[in-house]
Amino acid sequence: MGKTIIISNRLPVQLQISNGSITAIPSVGGLATGMKSVHSGGDSLWIGWSGLTEEDIPKELESDIDNALAEHGSSKVTLTKGEVEGFYFGFSNRTIWPLFHYFLEYSEFELDSWNTYKSVNQKFADAILEKAGDDDTIWIHDYQLMLVPQMVREKRPTVSIGFFLHIPFPSFEIFRTMPWRKEVLEGLLGSDLIGFHIYDYERHFLSSVRRILGLEVSFNDIYVDNRVIKVDSFPMGIDYKKFKEAAEEHARRSPEKLSELQQRLNTHKKSDPDNKFFLSIDRLDYSKGIAKRLYAFEYFLNKYPQYKEKVRLIILAVPSRSNVPQYQLLKREIDELVGRINGEFSTVSWTPIWYFYRSMPFENLIDLYTSSDIAWLTPLRDGMNLVAKEYVATRIDQTGVLILSEMAGSANEMNESLLINPNNFEQIADTLHQAITMPVEEQKARNSSLQKRLERYNVEKWAHSFMNSLLGQRDLEAAHVSRLITEARLQGILKDYTSAKRRLLFLDYDGTLAGFHNDPQKAGPDAELYELLDILHQQENTDLFLISGRDKDTFTRWFLPKGYHMIVEHGVWISRHGEQFKLLENVKNDWMDKIRPVLESFVDRTPGSFIEEKNYSLAWHYRNTDPDFGSLRATELSTVLTSLIGTDDLSVLNGNKVMEVKSSNVNKGRASLRMLGENDYDFVFAIGDDWTDEFMFQELPESTVTVKVGRQKTAARYFVENTDKVRELLKSFAKA
Ligand code: GDG
């Protein structure tokens, strides 16, 4: 097992240079803490930007810096001022951040900053490639590095790569507006595992993958060429113990040991024990909804004037990205709002808002959490929001009320909090009132459930479950690879092939001998395929069957003159030696008039879908529909058909973007078994791509060489990746 490499924009270490000497101080942020169990010992490395630009680092200190970082298991990527501008302040924070938080109007689509984003992502990828071995596990973090997975994959196809997005993934309608949407998705798909905080982001991502890249998605697996990429949600937790213990230590402190801030807070609390503190903590970011919260506070004071002089809103706005214009404007707006509201409502003894625009030491953060009766966290959009979780963790006597925005990822797991829509002032004012008057018993009941969950699914669990899932993907991959037809296996198969006295081959057509086409009638055989089939067909002691769900007329046109043996419509018809098709199974088709109108109603309501009518079956094709809508309709149709066909001897086959109704006593397994009984075969081979072929894989004897095309679950013994590989395999039979 190799080492673990973590990559994030910023290293979890702060560098300070003073008088030519370097100090590296580990940061205490949530991510750094969460990764502690993953990033420890000598077998892990964290790669990221140190926070100092190339211009900031004196050449002679370069190696000292590297050594200082190495002591913390870190390695730096050096960026120039220009790169930081284009990559970080530019594309990351002026394009992706606003877009992914649904601030479409703030998103700038600048080609220059996109190009810098690409080249800086390449720098990160190169830094990884320089350090990574083939069996290492790589975990890439966040929106600044979305192209890195693919850049690493290109050079290291077998390395295990995980990616976690800390911010929301927006709906397709928003994401599609970005000019480089395709490149971003392709970049992410270099990963083996892509993680999001919540299922909604996951589903938006999958929808974009289907619609923009047209890729096959099955549940939360994406199939790309010969790889399966897993997408899953892992809601990030906090270091629960750290916050709980800090609060306990805080409660034990003697008055003279309290911080100055705490002493001030206490003085105000003492002046009237009924006074309530509301707490609002965020980075100063438009996504956090600070300005809206201020307007809502004003609304509340007007709607519930009895709380004037009784409540106080403490706002901690941590400076962030202050050289991006939107952040400067927001800062001005908040400054003005605070001034206006304080001016409007203040009395000689009361200022409604205390506003801090700074970062506070951890100790003061705990002062604020433990002193506030109500945490009011109402982002307009937030990937998770850890502050909400931290507040609850510090409430050691289990009092306190959390008011949380529905738009924060954390709302998904914090149902016991008071959830509000940050745009609904009426609801906010009423909820503040509800929070102020909430009985202590109710507060305790809510917080105790919340605390249990936060303690259990803490940040360490989060990191572990991501890593375990990534390793699981690697095992899955290994299991797949173990069934791949390798050169050695091929030689074994060929040996049996050549030494056999009589061979029987079953070849599925669509998705196996030929790729899919939007119009099935156009997916006809090419010259190379005819040539290959001719050779196999003419080999001595070889019975080759094309076995397909296709209608007999198409196969008559394409193959009858060639004289290949054919079984079509899943086993209804058979043709040998170029003779006309004959019925292989006795089947009825009088049910068709009943089912056809049902399918027609689905065609009418599902643009792009159509009916294929065969002699003994009806197929509804939905390959050309909107992928999400098509799958939805397919599920609906399946329910309708299942209830309709009830006792009839019919079955519904759910193929590759096609749903087919046919007699239940007909399938490829039954048909192939009948052929097998006709002669004494000592080499039997069956190959196919969808689950109608699984009937063959299941019914044919165990000694059969069964081969699945693609990596989906299968009963086949082997698999090959795609139709090109099928051809290669058959060519080797042709040469045998
Ligand atoms: C992004 C996503 C997602 C805040 N002020 C001070 C301070 N903090 C600490 C808090 C908390 C962290 O910063 C903020 O985390 P959030 O999750 O609330 O928000 P973002 O910074 O926007 O983080 C977010 C997160 O990534 C993780 O995936 O939840 O949705 O936007 O830990 O305690 N810490 C100190 N002083 C402060 O003044 N010491």
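Among the residues making up the range 35-89, those that are acidic (Asp, Glu) and either at pLDDT below 95 or open to solvent by less than 50 Å² (accessible area, probe 1.4 Å) (or both) are Asp43, Glu54, Glu55, Asp56, Glu60, Glu62, Asp64, Asp66, Glu71, Glu83.
Of all residues in the range 701-715 being buried (at least 23 other Cβ atoms within 10 Å of the Cβ) and over 29 Å from the mean Cα position of the chain (by Cα), which is nearest to Asp221 (Cα to Cα)? It comes out as Val707.
Filtering Phe602, Phe506 for residues that are of a type in the set (Phe, Trp, Tyr) and either at positive phi or in contact (Cβ under 8 Å) with a residue 40 or more places away in the chain (or both) leaves a single hit, Phe506. Taken over the range 619-673, the residue count meeting the criterion of being among the β-branched types (Val, Ile, Thr) and assigned to a helix (DSSP H, G or I) is 5. Consider Val387 carefully, then state whether it is within 11 Å of the ligand (Cβ to nearest atom) and of a type outside the set (Ser, Thr, Tyr). Judged against the criteria, Val387 is a match.
Inspect all residues belonging to the range 16-33 and state whether any of them is in a helix (DSSP H, G or I), within 15 Å of the ligand (Cβ to nearest atom) and among the polar types (S, T, N, Q). Yes, there is a match, as at least one residue in the range 16-33 is in a helix (DSSP H, G or I), within 15 Å of the ligand (Cβ to nearest atom) and among the polar types (S, T, N, Q).
Checking each residue of the range 470-490 against the condition of being small (Gly, Ala, Ser), modelled with pLDDT under 95 and in contact with a Phe, Trp or Tyr (Cβ under 7 Å, 6 or more places away or on another chain) gives no match.
Inspection of the range 311-318 identifies at least one residue that is under 26 Å from Arg94 (Cβ atoms) and open to solvent by 10 Å² or more (accessible area, probe 1.4 Å). For the range 339-368, residues that are more than 13 Å from the ligand (Cβ to nearest atom), open to solvent by 10 Å² or more (accessible area, probe 1.4 Å) and of a type outside the set (Phe, Trp, Tyr) total 10.
Among the residues of the range 238-283, those identified as over 26 Å from His433 (Cα atoms) and hydrophobic (A, V, I, L, M, F, W, C) are Ile238, Phe243, Ala246, Ala247, Ala251, Leu258, Leu261.
Yes or no, residue by residue, for (1) more than 16 Å from the ligand (Cβ to nearest atom); (2) aromatic (Phe, Trp, Tyr); (3) touching a helix residue (DSSP H, G or I) at 6+ places or on another chain (Cβ under 6 Å):
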residue: Asn93; (1), (2), (3): no, no, no
residue: Ser107; (1), (2), (3): yes, no, yes
residue: Val120; (1), (2), (3): yes, no, yes
residue: Asp134; (1), (2), (3): yes, no, no
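For the range 420-443, indicate whether the set of residues that are within 16 Å of the ligand (Cβ to nearest atom) and either surrounded by fewer than 21 Cβ atoms within 10 Å (Cβ to Cβ) or under 24 Å from Ser287 (Cβ atoms) (or both) is non-empty. Scanning the range 420-443 turns up at least one residue that is within 16 Å of the ligand (Cβ to nearest atom) and either surrounded by fewer than 21 Cβ atoms within 10 Å (Cβ to Cβ) or under 24 Å from Ser287 (Cβ atoms) (or both).
Given the condition touching a Lys or Arg at 6+ places or on another chain (Cβ under 8 Å) and modelled with pLDDT under 95, answer yes or no: does some residue in the range 498-511 qualify? Yes, the range 498-511 contains a residue that is touching a Lys or Arg at 6+ places or on another chain (Cβ under 8 Å) and modelled with pLDDT under 95. Listed by position, the helices (runs of 4 or more DSSP H) contained in the range 199-279 that have at least 1 residues being touching a helix residue (DSSP H, G or I) at 6+ places or on another chain (Cβ under 7 Å) and of a type in the set (S, T, N, Q) are 199-213, 260-271. Scanning the range 49-88 for residues that are part of a loop (DSSP other than H, G, I, E, B) and touching a residue at least 60 places away in the same chain (Cβ under 8 Å) yields a single hit, His72. Filtered by the rule that a residue be more than 30 Å from Arg381 (Cα to Cα), of a type outside the set (Val, Ile, Thr), open to solvent by less than 30 Å² (accessible area, probe 1.4 Å) and in a loop (DSSP other than H, G, I, E, B), the range 133-175 gives Gly133, Asp136. Phe300 falls short on exactly one of the conditions (1) within 14 Å of the ligand (Cβ to nearest atom); (2) assigned to a helix (DSSP H, G or I); (3) aromatic (Phe, Trp, Tyr), and that condition is (1). The combined condition, being assigned to a loop (DSSP other than H, G, I, E, B), under 16 Å from the mean Cα position of the chain (by Cα) and either within 28 Å of Leu380 (Cα to Cα) or without any contact (Cβ under 8 Å) to a residue 40 or more places away in the chain (or both), is not fulfilled by Met178. Per the listing Glu130, Glu105, the residue uniquely open to solvent by 10 Å² or more (accessible area, probe 1.4 Å), under 23 Å from Pro325 (Cα atoms), in a helix (DSSP H, G or I) and without any contact (Cβ under 8 Å) to a residue 12 or more places away in the chain is Glu105.
Only a single item in (1) away from the ligand (no atom under 16 Å from the Cβ); (2) open to solvent by less than 50 Å² (accessible area, probe 1.4 Å); (3) more than 35 Å from the chain's Cα centre (by Cα) is not met by Ser371, and it is number (1). Screening Arg332 with (1) free of Cβ contacts under 8 Å to residues at least 24 places away in the same chain; (2) assigned to a strand (DSSP E or B) gives one miss only, at (2). Which of the following residues is surrounded by 21 or more Cβ atoms within 10 Å (Cβ to Cβ) and out of contact with any helix residue (DSSP H, G or I) (no Cβ under 9 Å at 6 or more places or on another chain): Ser672, Ser663, Ser638? Among Ser672, Ser663, Ser638, only Ser663 is surrounded by 21 or more Cβ atoms within 10 Å (Cβ to Cβ) and out of contact with any helix residue (DSSP H, G or I) (no Cβ under 9 Å at 6 or more places or on another chain).
Scan the range 320-329 and tell me whether some residue there is away from the ligand (no atom under 16 Å from the Cβ), open to solvent by 10 Å² or more (accessible area, probe 1.4 Å) and of a type in the set (A, V, I, L, M, F, W, C). Looking through the range 320-329, at least one residue is away from the ligand (no atom under 16 Å from the Cβ), open to solvent by 10 Å² or more (accessible area, probe 1.4 Å) and of a type in the set (A, V, I, L, M, F, W, C). Annotation note: of Ser233, Ser208, Ser218, Ser259, the sole residue that is within 16 Å of the ligand (Cβ to nearest atom), over 25 Å from Val318 (Cα atoms) and not hydrophobic (A, V, I, L, M, F, W, C) is Ser233. For beta carbons closer than 6 Å, sequence separation of 6+ or different chains, a first residue in the range 402-427 that is within 20 Å of Thr370 (Cα to Cα) and of a type in the set (A, V, I, L, M, F, W, C) and a second that is modelled with pLDDT of 95 or more and open to solvent by 40 Å² or more (accessible area, probe 1.4 Å), the qualifying pairs are Leu404/Leu419.
The values are calculated or read from the model by the stated rules, or taken from the named source; none is laboratory data. Quick caveat, the model's predicted, so the values are computed rather than measured. Cβ atoms come from the backbone with ideal geometry, glycine included; neighbour counts cover every protein chain shown. Surface accessibility is based on the protein's heavy atoms, side chains included, excluding ligands, DNA and RNA. Shrake-Rupley method; radii C 1.70, N 1.55, O 1.52, S 1.80 Å.
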